[in-house]
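Student: Got a structure here, written out as structure tokens. Questions coming.
The values are calculated or read from the model by the stated rules, or taken from the named source; none is laboratory data. Treat the numbers as computed from the prediction; the structure is a model and nothing was measured. Positions of Cβ are backbone-derived with ideal geometry, glycine not excepted, and every protein chain shown enters the neighbour counts.
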Amino acid sequence: MTTEIRLHGRGGQGTVMAAGILAQALAEEGKWAIAIPTFGFERRGAPVSAFLRVDDKPIRSLTNIYHPDVIVCIDPTVSRAVDIFAGIAEGATLVLAGRKPPGEMTLPLSARRLGLVDAVAIAMELFKRPITNSVMLGALARTTGIVSLAALRRAMEDSHFRDAGLAQNLAAIERGYDETQVLALKESCHAYA
């Protein structure tokens, strides 16, 4: 069964790169995966999205994803500029960067699982900049179980970070995994289990 993932962020935060690293990690685990970047204004700070499909069999569809099973938002402010929840599938999983308590968030009723991590604080500590893509890869692994932490580490090691920032990015993935709070969302309301 195909799982469709949509990632949201801002230009310069590595949203598209995160989708590529995730696709590589999934492929390493024997799954079929394809990352589909999308570019709008192509400038730092502008809203950016990337799409990823994963399946146990070859994937033929190369279109954008309109009804994602998983939403990953790597920037807590991007939802002010775009509707990150547009078209989400029934029973969707949300993986969000932020420190707002879940009870204060407005979440779609169709979502069933929520992963929350203060990715900006982790990124500022590790990188001295709010570049949260590696943190959110760890958060995605923890929340969904779709990819292992080991596969993400290997994909990161094979990426262009081999020479600069590899240790920090590996630490970011691990901290994202370790520090993500995973909550089940009840079907009838925005209450949390």
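Student: Inspect segment 25-34 for any residue being at pLDDT 90 or above, within 19 Å of residue 89 (Cβ to Cβ) and among the β-branched types (Val, Ile, Thr) and give the result as yes or no.
Tutor: Yes, segment 25-34 contains a residue that is at pLDDT 90 or above, within 19 Å of residue 89 (Cβ to Cβ) and among the β-branched types (Val, Ile, Thr).
Student: Any idea how many residues of segment 47-68 are farther than 9 Å from residue 2 by Cβ and surrounded by 17 or more Cβ atoms within 10 Å (Cβ to Cβ)?
Tutor: Number satisfying all stated conditions: 8.
Student: Look at segment 91-110 and say how many of its residues are surrounded by 12 or more Cβ atoms within 10 Å (Cβ to Cβ), at negative phi and modelled with pLDDT under 95.
Tutor: Residues of segment 91-110 that are surrounded by 12 or more Cβ atoms within 10 Å (Cβ to Cβ), as a first pass: 91-98, 102, 105, 107-110.
Next cut, at negative phi only: 92-97, 102, 105, 107-110.
This time we only want the ones that are modelled with pLDDT under 95, so: 102, 105, 107-110.
Here the count works out to 6.
Student: As an exercise: evaluate residue 125 against (1) surrounded by 18 or more Cβ atoms within 10 Å (Cβ to Cβ); (2) assigned to a helix (DSSP H, G or I); (3) modelled with pLDDT of 95 or more and give the number of the one condition it does not meet.
Tutor: Tallying (1) surrounded by 18 or more Cβ atoms within 10 Å (Cβ to Cβ); (2) assigned to a helix (DSSP H, G or I); (3) modelled with pLDDT of 95 or more, residue 125 fails exactly one: (1).
Student: Tell me, yes or no, whether segment 132-150 has at least one residue that is in contact with a Pro (Cβ under 8 Å, 6 or more places away or on another chain), in a helix (DSSP H, G or I), of a type outside the set (Val, Ile, Thr) and surrounded by fewer than 19 Cβ atoms within 10 Å (Cβ to Cβ).
Tutor: Looking through segment 132-150, none of the residues is in contact with a Pro (Cβ under 8 Å, 6 or more places away or on another chain), in a helix (DSSP H, G or I), of a type outside the set (Val, Ile, Thr) and surrounded by fewer than 19 Cβ atoms within 10 Å (Cβ to Cβ).
Student: Here is a further query. Only one residue in 48, 70 is modelled with pLDDT of 95 or more and either under 13 Å from the mean Cα position of the chain (by Cα) or under 23 Å from residue 25 (Cβ atoms) (or both). Which one? Full working, then the answer.
Tutor: Working: 48 fails: modelled with pLDDT of 95 or more.
Testing whether each residue is modelled with pLDDT of 95 or more and either under 13 Å from the mean Cα position of the chain (by Cα) or under 23 Å from residue 25 (Cβ atoms) (or both) leaves just 70.
Student: I need a count of the residues in segment 155-174 that are more than 11 Å from residue 137 (Cβ to Cβ) and modelled with pLDDT of 95 or more.
Tutor: 1
Student: Examine segment 69-76 for a residue that is surrounded by fewer than 23 Cβ atoms within 10 Å (Cβ to Cβ) and in a loop (DSSP other than H, G, I, E, B), and state whether such a residue exists.
Tutor: yes
Student: Something else now. Can you tell me which of (1) outside any loop (DSSP other than H, G, I, E, B); (2) under 11 Å from the mean Cα position of the chain (by Cα) is the one residue 37 doesn't meet?
Tutor: (2)
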